[in-house]
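A short worksheet on the structure shown next.
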């Protein structure tokens, strides 16, 4: 285990007699065959942080392992990345990289910041992470990337003392490419999955209650919805019934924009009936997207569907069709 004799067992000294790593059929192979790994700003940023820790040639050997397909499996869960890496021994090594996920209250603050700015919500809903996101997360007290190697808890079942060993380093590089294929994997590692994050952003943008601030109590006459806590003397928020189980919800869309206007008969409002309730911008906002937008929105398919290279083959096909 890293921290005791650990994983680059084949790196030299008394481990040199183990020879070359065993070949893996169907392993996860890095898409990059030479040069740097990582195409998107977030995967490059992740590797820049990692390489800034001055880990030396261990990363070079790990990059070779990643390109040779020695990583058998890679799984990202909140707070922990696990992998199985084949070395020169018959038994593959078990690898884990832990980074504390953000607590729920911190994620709630981040989500409120994201929902408050249409730019971030639109880019995330389009399956993209804008570069400005890193600064926004940092300002909210939730840095996306580790600030030092001590923040990472690294484990490998190999007999090498080095941390990271080549098996850990190979996992780091494959993880960066996993972030390339699906940027939400980075946020998932930090504690919030794609579906949950986007659902909460949609709810916040629509003015719906989310999290512990939304308290619902059922009574004999149906349901009540209380948003926030407020003081006893505060006026209640304007709500409307959604027609389901008597539960009141805040107005959304045009109803929210018109909620503060006095009612008027149609005959008196026909001259402005089709006008927008709020001024529209002179030029509508634009969102530049690539031909692989659908792949980013849906995420990577299950490994059993088309093998580990399916997403990259589809991405190349979409780019050719987009020309």
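The values are calculated or read from the model by the stated rules, or taken from the named source; none is laboratory data. These numbers come from a predicted model, not from an experiment. Every residue, glycine among them, receives a Cβ derived from its backbone with ideal geometry; neighbour counts consider all protein chains shown.
Suppose the filter is at pLDDT 85 or above and exposed (fewer than 14 other Cβ atoms within 10 Å of the Cβ); does residue 105 pass it? It is true that residue 105 is at pLDDT 85 or above and exposed (fewer than 14 other Cβ atoms within 10 Å of the Cβ). Summed over the stretch 64-78, the residues that are crowded, with 20+ Cβ neighbours inside 10 Å and farther than 15 Å from residue 20 by Cα give a count of 2. Somewhere in the stretch 147-161, is a residue surrounded by 20 or more Cβ atoms within 10 Å (Cβ to Cβ) and assigned to a helix (DSSP H, G or I)? There is no residue in the stretch 147-161 that is surrounded by 20 or more Cβ atoms within 10 Å (Cβ to Cβ) and assigned to a helix (DSSP H, G or I). Of all residues being in a helix (DSSP H, G or I) and out of contact with any helix residue (DSSP H, G or I) (no Cβ under 7 Å at 6 or more places or on another chain) in the stretch 115-132, which is surrounded by the most Cβ atoms within 10 Å (Cβ to Cβ)? Just the residue, please. In this case the residue turns out to be 123. Given the condition touching a residue at least 24 places away in the same chain (Cβ under 8 Å) and surrounded by fewer than 19 Cβ atoms within 10 Å (Cβ to Cβ), answer yes or no: does some residue in the stretch 180-191 qualify? No, every residue in the stretch 180-191 fails to be touching a residue at least 24 places away in the same chain (Cβ under 8 Å) and surrounded by fewer than 19 Cβ atoms within 10 Å (Cβ to Cβ). Of all the listed residues (187, 133, 124, 174), the sole one being outside the structural domain of residue 95 (by TED's automatic domain parsing) and more than 19 Å from residue 203 (Cα to Cα) is 133. Can we say residue 85 is under 14 Å from residue 169 (Cα atoms) and at pLDDT below 80? No; evaluated as a whole, the condition is false for this residue. The condition (being surrounded by 21 or more Cβ atoms within 10 Å (Cβ to Cβ), in contact with a helix residue (DSSP H, G or I) (Cβ under 9 Å, 6 or more places away or on another chain) and assigned by TED's automatic domain parsing to the domain that holds residue 187) is satisfied by just one residue among 95, 81, 110: 110. Among the residues of the stretch 162-198, the ones that are in a loop (DSSP other than H, G, I, E, B) and in contact with a strand residue (DSSP E or B) (Cβ under 6 Å, 6 or more places away or on another chain) come to 3 in all.
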